[in-house]
1. Return the long-range amide H neighbours of LYS98 (sequence gap of 5 or more, or a different chain), with a cut-off of under 5 Å between placed amide H atoms.
2. Diagonalise the Cα gyration tensor of the chain and give the resulting equivalent ellipsoid semi-axes, square root of 5 times each eigenvalue, largest first, whole Å.
3. Going down the table (LYS98/LYS172; LYS70/LYS188; LYS97/LYS200), which pairs top 20 Å between alpha carbons?
4. Over region 123-219, what is the relative contact order in whole percent, taking alpha-carbon pairs under 8 Å and six or more residues apart?
5. For region 175-182, in order, what is each residue's ³J(HN,Hα) by Karplus, 6.51 cos²θ - 1.76 cosθ + 1.60 with θ = phi - 60°, in whole Hz (x at glycine and Pro)?
6. Give the ranking of LEU108, LEU140 by solvent-accessible surface, highest area first, calculated with a 1.4 Å probe.
7. From a point 7 Å beyond the Cα of ASN148 in the direction of its Cβ, which residues of region 21-52 have a backbone N at a distance under 16 Å?
8. Heads up, I need the accessible area for LYS200: 1.4 angstrom probe, whole protein in place, Å², nearest 10.
Amino acid sequence: MSIRDVLRENRVLMRLYSMLRDSIGHANDRYYGIRTESVDSFRFRDVCTDATRYEAIPYWLLRRIVQVVKPGSEDVFFDIGCGKGRALAMFAQCPIKKSVGVEIDPALAQVAERNAASLKGRIAPIEVRTENAAETDYSLGTIYFMFNPFGPTTLAAVLGRIRETLVKRPRKITVVYYNPLHLDVLRKELGLSVEVRTEKHFPWRPQKVAFASNDLQKA
Ligand SMILES: C[S@@+](CC[C@H](N)C(=O)[O-])C[C@H]1O[C@@H](n2cnc3c(N)ncnc32)[C@H](O)[C@@H]1O
């Protein structure tokens, strides 16, 4: 029986486990001077019918992603569905050109802006766009991150827009897709090589992250 099975059968242990994970998130937030914890229900289904609710990516996994993509001085990072801006904050601590967040919920976008202002150790500028990701201009980006923000319809529209920018301005890009529920869409719409990694870190269960790139060093 796995730890997960034990937790599933014992509500008290499950509660303690969730509290441990939350407190690790809060401790990291305090360290960076931002507030990104908690899960929110989604309020904008009339604008984006297949959107998911807000939940922040675990800090340890973000650090792994930074290690894999190795952002450099020419990179512009996009978090598509940035929520309260945890990933924006982590990438803005790297020596990149800019960290751009796209968020459809104005309340979450406002929190992301506040976090950008209070973030300790920021190196790169942060821009937060309160927009529907299906209508955003992606032409400046080189690293695009998504934590399962929406279903296949919006995902296809977003990836189509990113692909179009490559025709107008050919460049190296990397797409990072965490909790990749619609890998088939990623493969079909981008036509790039995709690597799916399973990352492990106690006390979290293994997490899947897909990396798609036309940069041979990152593919
Ligand atoms: C699972 S959360 C990820 C938050 C953040 N990227 C992180 O990793 O911490 C998904 C976010 O996508 C946003 N979202 C959903 N549909 C969107 C859309 N069409 N355009 C922009 N943001 C969207 C939600 O409001 C939510 O904040």
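The values are calculated or read from the model by the stated rules, or taken from the named source; none is laboratory data. Because the structure is a prediction, the values reported are computed rather than measured. Note that each Cβ is placed from the backbone with ideal geometry, even for glycine, and that neighbours are counted across all protein chains shown. Calculation scope for accessible area: heavy atoms of the full protein, side chains included, ligands and nucleic acids excluded. Shrake-Rupley method; radii C 1.70, N 1.55, O 1.52, S 1.80 Å.
1. When sequence neighbours closer than 5 places are left aside, the close amide H contacts are PHE77.
2. For the chain, the ellipsoid semi-axes come out as 27, 20, 18 Å.
3. LYS70/LYS188; LYS97/LYS200
4. 27 percent
5. 10, 10, 10, 8, 6, x, 6, 10
6. LEU140, LEU108
7. Within reach of a label on ASN148: 39-42, 50-52.
8. 140 Å²
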